[in-house]
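J.: The structure follows.
The values are calculated or read from the model by the stated rules, or taken from the named source; none is laboratory data. If you're wondering where the values come from, they're calculated on a predicted model, not measured in any experiment. Cβ coordinates were reconstructed from backbone atoms using ideal geometry, including for glycine residues, and neighbour counts include every protein chain displayed.
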Amino acid sequence: MSVPISARTLDLAAARSPARREWTVFARRLARRRTALFGLAVVMIVIVAALGAPWLAPYDPIEQDITNRLRPPGALDAAGRSHLFGTDHLGRDLLARMIYGARPALMVGFAAVAISGLLGMGVGLVSGYFGGRIDDVFMRLADIQLAFPFILLAIAVIGVLGPSLPVIIVVIGVSSWVVYARVVRGAVLSLREREFVQAAHALGSRDGRVLVHHIMPNAFTPWLVVATLDMARVIVIESALSFLGLGVQPPTPTWGGMLADGRVYISTAWWLATFPGLAILVTVLGINLFGDGLRDTLDPRLKL
Amino acid sequence: MKIFLARRLAQSLLVLLGVSFIVFFILYLTGDPALVLLPPDSSAEDVEKFRQAMGFNDPFIVQYGRFFVGALHGNFGQSVRHGEPAFGLVVERMPATFQLAGAALLVALCLAIPAGIVSAVRRNTILDYVSTVVALLGQSMPTFWLGIMLILVFSVQFNLLPSSGRGSFEHLILPAITLGLFTTARITRLTRSGMLEVLSQDYIRTARAKGVSDSPVVWKHALKNAAIPIVTIVGIELGTLLGGSVITETIFAWPGVGRLSVQAIYNRDYPVVQAAVFLLSSTFVLVNLAVDVVYTYLDPRIRLQ
């Protein structure tokens, strides 16, 4: 092509960070999806609640006040203070506990997704790129992992090790790598044959460099979609574990733990079980909406 | 065909071997299985005696071999709490869990496939929006919350259905809906996207062009071709259902394997936990093997892979 040299240099200067420009395009396309934006807004609110809990919560989430137990939503207590969502069986403010409950949920969510995401990315890259024996071994490991009823394995392991935040994060993180690995592997299988990868090889790049600099950035978008949607799953699992008494232990408020308390009072105090469940539902729904939007924008053919 | 089946069978056996190793390993997570199995206040002498008696001083691989041979014979040791063989306790409760999982799957298929088809055929109509929103809510709703809300409405408020136990058909309704909702949502979305893809294919346009009316196109031409991913997901969802039974059975006091294993974990009754995890995982592996065999008939291309 006979493009004048000056024009070509200009072009290169403008394209200094093509990656960033691409992300701006994605962000604009994502912003046109109203449901995805709604999901993002919900997620942001939950994150703000978790970070700002000490300032946002109207009352102490742990302090008990037996004289004001089981006040229905909106009722004033003996001291004339109002409780929007009522109080629980120990007289604790339900709204305050729900705001604080966002903390363990998001902490487990982010940390477990980080662990399983990194593991899965590593396995997927190696498995897809090198293929052969290594691929066989990893894919059989994936089959074994998937054969377990997830929640049963998690509670068995946590039962032995004892429930604590690090144990919960590691157990969920280590046992959730398969989806990431499969999606990344699939992307790598097709990337491996592309011209730019062959060009990198021809220029003398070693496998490690090709993987990290050329293949990984291109396998990142499907990975990101999986990570977002998996976050929703992890938050449900965290609250399920808390519900069974195998999550973060009291007195730390957790949504699942509050639900378990509320279940006992189901016939007399409906609000105890209703509101914490709504908190989980809204958070998970927000993440799912955002994740669906992300998938439709970044990688519409990805089947999840 | 034979080669494909033989390879799938070998893979399944390999997976079961891996499963048995992890189940065995659960007891060794703390390093000392004697400490896991004995009450926390046992004396050092008791622990040592127990270790000798159970053979925990043997090399690791010998212990695993013993566990594996035992597992093949259905021997997972005695339940610490019930004093009966752990295997028998779990097997006794399998029918209840299968009944619940089967009912949940039935609920899911009966709701999801029509909903998914209607959604795809009447795309962007009010029906589609309603079904999409309901599916999205279903996928985001925690099982245990749904179960409690159903109890709140149908048992506490209106006193229509029993909230716990197993026996009559009425007992099955709430747990089956609770357990089946997530799967319903998944299959609805999958059916919708599968049907949309198939309906835009050339052979559908051909069928319409030659004058085939609407309903045979949908039911005969399209659904048959959209069925393969649905059959696959049914196998995978069975794992979700068996695992989800842990929570649903706990909420509704359903006397199945899930509830048994949660109680066993609270009671530190690990032989029962091991037997339950092993048997549920084996069931899942066998069902998926069966699913693979079924869809080699549905889609001959798979045999060649």
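J.: Hey, can you tell me all the residues within the stretch A:274-297 that are over 15 Å from residue A:232 (Cβ atoms), hydrophobic (A, V, I, L, M, F, W, C) and surrounded by fewer than 18 Cβ atoms within 10 Å (Cβ to Cβ)?
T.: Of everything in the stretch A:274-297, just one residue is over 15 Å from residue A:232 (Cβ atoms), hydrophobic (A, V, I, L, M, F, W, C) and surrounded by fewer than 18 Cβ atoms within 10 Å (Cβ to Cβ), namely A:278.
J.: Filter the helices (runs of 4 or more DSSP H) completely within the stretch B:74-193 down to those with at least 3 residues that are more than 13 Å from chain A (Cβ to nearest Cβ), without any contact (Cβ under 8 Å) to a residue 60 or more places away in the chain and of a type outside the set (Phe, Trp, Tyr).
T.: Working: elements: B:86-121, B:126-140, B:143-150.
Once the helices (runs of 4 or more DSSP H) in the stretch B:74-193 are filtered for at least 3 residues that are more than 13 Å from chain A (Cβ to nearest Cβ), without any contact (Cβ under 8 Å) to a residue 60 or more places away in the chain and of a type outside the set (Phe, Trp, Tyr), what remains is B:86-121, B:126-140.
J.: Taking residue A:256 and the conditions (1) modelled with pLDDT under 95; (2) more than 8 Å from chain B (Cβ to nearest Cβ); (3) surrounded by 24 or more Cβ atoms within 10 Å (Cβ to Cβ), which numbered condition does it fall short on, given that it satisfies the others?
T.: Among (1) modelled with pLDDT under 95; (2) more than 8 Å from chain B (Cβ to nearest Cβ); (3) surrounded by 24 or more Cβ atoms within 10 Å (Cβ to Cβ), residue A:256 violates only (2).
J.: Next question. Counting just the residues of the stretch B:162-200 that are closer than 17 Å to residue A:263 by Cβ and surrounded by fewer than 24 Cβ atoms within 10 Å (Cβ to Cβ), which one comes out farthest from the chain's Cα centre (by Cα)?
T.: By that ranking, first place goes to B:162.
J.: Which one of these does residue A:251 not meet: (1) more than 13 Å from chain B (Cβ to nearest Cβ); (2) more than 18 Å from residue A:191 (Cα to Cα); (3) touching a helix residue (DSSP H, G or I) at 6+ places or on another chain (Cβ under 8 Å)?
T.: Of (1) more than 13 Å from chain B (Cβ to nearest Cβ); (2) more than 18 Å from residue A:191 (Cα to Cα); (3) touching a helix residue (DSSP H, G or I) at 6+ places or on another chain (Cβ under 8 Å), only one is false for residue A:251: (3).
J.: Of the residues that sit in the stretch A:259-273 and are within 8 Å of another protein chain (Cβ to nearest Cβ) and surrounded by fewer than 20 Cβ atoms within 10 Å (Cβ to Cβ), which one is modelled with the highest pLDDT?
T.: Among them, the one singled out is A:263.
J.: Can you tell me which residue in the stretch A:147-203 is nearest to the chain's Cα centre (by Cα), limited to those that are outside any helix (DSSP H, G or I) and of a type in the set (Lys, Arg)?
T.: A:192
J.: Against the definition (among the aliphatic types (A, V, I, L, M), surrounded by 20 or more Cβ atoms within 10 Å (Cβ to Cβ) and within 12 Å of chain A (Cβ to nearest Cβ)), how does residue B:246 come out, yes or no?
T.: yes
J.: Of all the residues that make up the stretch A:246-278, how many are without any contact (Cβ under 8 Å) to a residue 60 or more places away in the chain and part of a loop (DSSP other than H, G, I, E, B)?
T.: 4
J.: Could you tell me how many of the residues in the stretch B:25-57 are more than 14 Å from chain A (Cβ to nearest Cβ) and loosely packed, with under 12 Cβ neighbours inside 10 Å? Write out each step before concluding.
T.: Initial filter on the stretch B:25-57 (more than 14 Å from chain A (Cβ to nearest Cβ)): B:39, B:41-57.
Among the residues that remain, those that are also loosely packed, with under 12 Cβ neighbours inside 10 Å are: B:39, B:41, B:43-45, B:52-53, B:55, B:57.
Residues that pass the stated criteria total 9.
J.: Counting just the residues of the stretch B:81-124 that are touching a Pro at 6+ places or on another chain (Cβ under 7 Å) and of a type in the set (A, V, I, L, M, F, W, C), which one comes out nearest to residue B:170 (Cα to Cα)? First the steps, then the outcome.
T.: Just the residues of the stretch B:81-124 that are touching a Pro at 6+ places or on another chain (Cβ under 7 Å), to begin with: B:86, B:93, B:96, B:100.
Restricting the remaining residues to those that are of a type in the set (A, V, I, L, M, F, W, C) gives B:86, B:96, B:100.
Numbers: B:86: 30, B:96: 15, B:100: 12 Å.
The qualifying residue nearest to residue B:170 (Cα to Cα) is B:100.
J.: As an exercise: evaluate residue A:284 against (1) within 8 Å of chain B (Cβ to nearest Cβ); (2) β-branched (Val, Ile, Thr); (3) part of a loop (DSSP other than H, G, I, E, B); (4) over 26 Å from residue B:264 (Cα atoms) and give the number of the one condition it does not meet.
T.: The number of the failed condition is (3).
J.: Condition first: among the acidic types (Asp, Glu) and in contact with a strand residue (DSSP E or B) (Cβ under 7 Å, 6 or more places away or on another chain). Now tell me which residues in the stretch A:78-107 satisfy that.
T.: Once the filter is applied, which keeps residues that are among the acidic types (Asp, Glu) and in contact with a strand residue (DSSP E or B) (Cβ under 7 Å, 6 or more places away or on another chain), the stretch A:78-107 yields only A:93.
J.: Would you pick out the residues in the stretch A:231-273 that are over 26 Å from the mean Cα position of the chain (by Cα) and under 23 Å from residue B:243 (Cα atoms)?
T.: A:263
J.: Further question: Tell me yes or no: at least one residue of the stretch B:201-214 is closer than 19 Å to residue B:135 by Cα, surrounded by fewer than 24 Cβ atoms within 10 Å (Cβ to Cβ), away from every other protein chain (no Cβ under 14 Å) and hydrophobic (A, V, I, L, M, F, W, C).
T.: Checked against the condition, which is being closer than 19 Å to residue B:135 by Cα, surrounded by fewer than 24 Cβ atoms within 10 Å (Cβ to Cβ), away from every other protein chain (no Cβ under 14 Å) and hydrophobic (A, V, I, L, M, F, W, C), the stretch B:201-214 yields no hits at all.
J.: Filter the stretch B:249-266 down to residues that are more than 10 Å from chain A (Cβ to nearest Cβ) and in contact (Cβ under 8 Å) with a residue 12 or more places away in the chain and give me whichever is nearest to residue B:36 (Cα to Cα).
T.: Residue satisfying both the conditions and the ranking: B:260.
J.: Mind telling me which of the residues A:228, A:297 ends up being more than 10 Å from chain B (Cβ to nearest Cβ), at pLDDT 90 or above and either under 25 Å from residue B:250 (Cβ atoms) or under 20 Å from the mean Cα position of the chain (by Cα) (or both)?
T.: One residue alone meets the criteria, A:228.
J.: Still on this structure: Only one of A:147, A:156 is of a type in the set (A, V, I, L, M), without any contact (Cβ under 8 Å) to a residue 24 or more places away in the chain, within 12 Å of another protein chain (Cβ to nearest Cβ) and touching a Phe, Trp or Tyr at 6+ places or on another chain (Cβ under 7 Å); which?
T.: After applying the criteria, what remains is A:147.
J.: Look at the stretch B:270-302 and say how many of its residues are more than 10 Å from every other protein chain (Cβ to nearest Cβ), over 18 Å from the mean Cα position of the chain (by Cα) and either not in a helix (DSSP H, G or I) or not basic (Lys, Arg) (or both).
T.: Looking only at that region, the number is 11.
J.: Can you tell me which condition residue B:219 does not meet? The list is (1) more than 12 Å from chain A (Cβ to nearest Cβ); (2) at pLDDT 85 or above, and all the others hold.
T.: Here residue B:219 meets the rest and fails (2).
J.: Further question on the same structure: Based on what the data block shows, is residue B:258 surrounded by fewer than 20 Cβ atoms within 10 Å (Cβ to Cβ) and within 12 Å of the chain's Cα centre (by Cα)?
T.: no
J.: While we're looking at this one, here's another question. So for the stretch B:9-21 (the condition being away from chain A (no Cβ under 11 Å) and touching a helix residue (DSSP H, G or I) at 6+ places or on another chain (Cβ under 6 Å)), does at least one residue qualify?
T.: no
J.: If I filter the stretch A:163-212 down to residues being charged (D, E, K, R) and within 30 Å of residue A:106 (Cβ to Cβ), which single residue comes out as surrounded by the fewest Cβ atoms within 10 Å (Cβ to Cβ)?
T.: The qualifying residue surrounded by the fewest Cβ atoms within 10 Å (Cβ to Cβ) is A:182.
J.: A further question follows. Among the candidates A:243, A:220, A:275, A:290, which residue alone is under 19 Å from residue A:41 (Cα atoms) and among the aromatic types (Phe, Trp, Tyr)?
T.: Being under 19 Å from residue A:41 (Cα atoms) and among the aromatic types (Phe, Trp, Tyr) holds for just one of A:243, A:220, A:275, A:290, which is A:290.
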